[in-house]
Amino acid sequence: MTYYQERGTIPAKHFTVLPKPNGGRYYEELHNSLGFNGPLSLLYRINQPSRVLRVEPLTTLPLEPWNEGVVRNHIIDPALLKASGDILDSRVPVAFNADLSYSVASPDRSSDRFYRNAERDELLFIVQGTGTFESTFGVLHYGPMDFICVPRGATWRILPNAEPQRMILLETRGQIQPPARYRNNVGQFMSRATYSERDIRVPELGDPTDEKGEFEIAVKVNEIVTTYVLDSHPLDVVGWAGALYPYALNMRDVEPFSGRVSLDPDMDAVFECEGALVSAITPARFPDHPDAIPNIPDHNTDCDEILYRVASEGAQVHGLEKLTVHTRAAGHGAKPGHDRAEPGLMNELWAVLIDIINPLQLTTNAIPADDPAYPSAWL
Ligand SMILES: [Fe+2]
């Protein structure tokens, strides 16, 4: 993340002893990034986190490319991508390249086991459902339109409430960060940013769990998922401090730009990583120049886009609750009948847009959820 936070009990100085009340000391754990040059946090734990009872194979999750023989635009119904299980079992990868993978997850139960992506950052977007995100850094309560950024190496799990859940899940090779152009030289959000520090929710750290026994963590590196069995509960943190931690941002707290004429969609960026830009499309005023066209021109020549139209404020929105993949092979723009609104009226769409620099490959999971007639949707 971008700024320093402290939770719980920590010593006055890093790399110094934090004594336990009844003798001994807490174990300091360095959660680092970019080698030791990126954001980092120090966690203080009751038990040594490196104590491993057993290492066991769990599964492999290969990304299976859909070799259709053409590159075209797609519309995909996420409701047809349903899978059950916890946040690991229920994720269905839809598209990927070397920089990222894009999945839809619909966890329908809590899991005793914890999860750690040891190779990639993860960005969740809650389309539907509420619950609790539990991690070594503390707890975040989530609900619709929440983004949750999880740095690689964090140990966490989702405890969904008893209601249907749907999430977008992005796994990225590069670090996910708020856009650099919206932050100043010390990382603070500038006033021209679409959100700021006070919109970000940082986990609250409750009492540590000091339990001995057998505790499983599913650790994902590339396509290999390994079960690590520890002899103490992984959420035994009494305090942490630093600038690397999971956090949440709700899309309703994003303040969109609007202009006299249309603005490029990258103005709506809320996160970036190497090879991709994540934008929050939120209701905003249409351009109010008397001759303005409310939509941006047909585009795209040098990136692929995945757009998930999440909700609308009552208006008829084409492709609502669908996911479109617009590739560089063909242009796209406003559909017929959707190309004009009165200047100054409000766009009522909520959507998550991801612009992806390197070509995307769809997976075979997308085949049953895909509408092959979509490339002609602009006729
Ligand atoms: Fe687009």
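The values are calculated or read from the model by the stated rules, or taken from the named source; none is laboratory data. These numbers come from a predicted model, not from an experiment. No Cβ is skipped: glycine too gets one built from the backbone with ideal geometry, and neighbour counts run over all protein chains shown. The area values use the complete protein model at the heavy-atom level, side chains included, leaving out ligands, DNA and RNA. Shrake-Rupley method; radii C 1.70, N 1.55, O 1.52, S 1.80 Å.
For the stretch 239-271 and the stretch 73-101, what is the separation of their C-alpha centers, rounded to whole Å?
The stretch 239-271 and the stretch 73-101 have Cα centres spaced 23 Å from each other.
In whole angstrom, how long is each semi-axis of the equivalent ellipsoid of the stretch 254-376, when you take the square root of 5 times every eigenvalue of its Cα gyration tensor and sort them from largest down? Could you put the intermediate results ahead of the total?
Numbers: eigenvalues 118, 57, 41 Å².
Taking √(5λ) for each eigenvalue gives 24, 17, 14 Å, largest first.
Percent of accessible area on the stretch 74-187 owned by carbon and sulfur, 1.4 Å probe? Numbers along the way, then the final one.
Values: 1740 of 3450 Å².
In the stretch 74-187, the share of accessible area belonging to carbon and sulfur is 50 percent.
Over the chain, with the other protein chains present, what is the accessible area per residue in square angstrom, probe 1.4 angstrom? Walk me through the numbers before you get to the answer.
On the way: 17180 Å² over 379 residues.
I get 45 Å² per residue for this part.
Once every Cα of the chain carries one equal point scatterer and solvent is ignored, give the base-10 log of I(q)/I(0) from the Debye formula at q = 0.10 Å⁻¹, two decimals.
-0.66
Roughly speaking, to the nearest percent, how much of the stretch 254-376's 1.4 Å accessible area is carbon and sulfur? Before the final figure, lay out each step's value.
Numbers: 2980 of 5790 Å².
Whole-percent figure for carbon plus sulfur exposure: 51.
If a/c stays under 1.5 just call it rounded; otherwise compare a/b with b/c (prolate if a/b is bigger, oblate if not). Do that for the stretch 52-187, with a ≥ b ≥ c from the square roots of the Cα gyration tensor eigenvalues. Intermediate values should be presented prior to the final figure.
Numbers: a/c = 1.28, a/b = 1.08, b/c = 1.19.
Rounded, since a/c falls under 1.5.
Dipole of the chain (Lys/Arg Cβ +1, Asp/Glu Cβ -1, origin at the Cα centre): which of Ala292, Leu124, Gly23 lies farthest to the positive side?
Gly23
Note down the magnitude of the dipole of the stretch 254-376 about its Cα centre, charges +1 on Lys and Arg C-beta and -1 on Asp and Glu C-beta and zero elsewhere, to the nearest 20 debye.
On the way: 7 positive and 20 negative charges, 57 e Å.
Charge dipole, the stretch 254-376, about its Cα centre: 280 debye, nearest 20.
Which residue, Ala241, Leu263, Pro368, has the largest displacement toward the positive end of the dipole of the chain when charges sit on each Cβ (Lys, Arg +1; Asp, Glu -1)?
Ala241
Suppose every Lys and Arg Cβ carries +1 and every Asp and Glu Cβ carries -1, with no other charges. What dipole size does the chain come out with about its Cα centre, to the nearest 20 debye? Walk me through the numbers on the way to the answer.
Numbers: 33 positive and 51 negative charges, 158 e Å.
For this selection, approximately 760 debye.
Could you let me know the centre-to-centre spacing of the stretch 110-180 and the stretch 299-322, using Cα atoms, in angstrom?
Centre-to-centre distance over Cα atoms comes out at 23 Å.
Can you list which of the chymotrypsin sites (Phe, Trp or Tyr not before Pro) found in the stretch 10-63 are DSSP loop residues with at most 10 other C-beta atoms within 10 Å? Mind dumping the intermediate values first?
Working: sites: Phe15, Tyr26, Tyr27, Phe36, Tyr44; in loops: Phe15, Tyr26, Phe36.
Listed in order of number, the matching sites are Phe15, Phe36.
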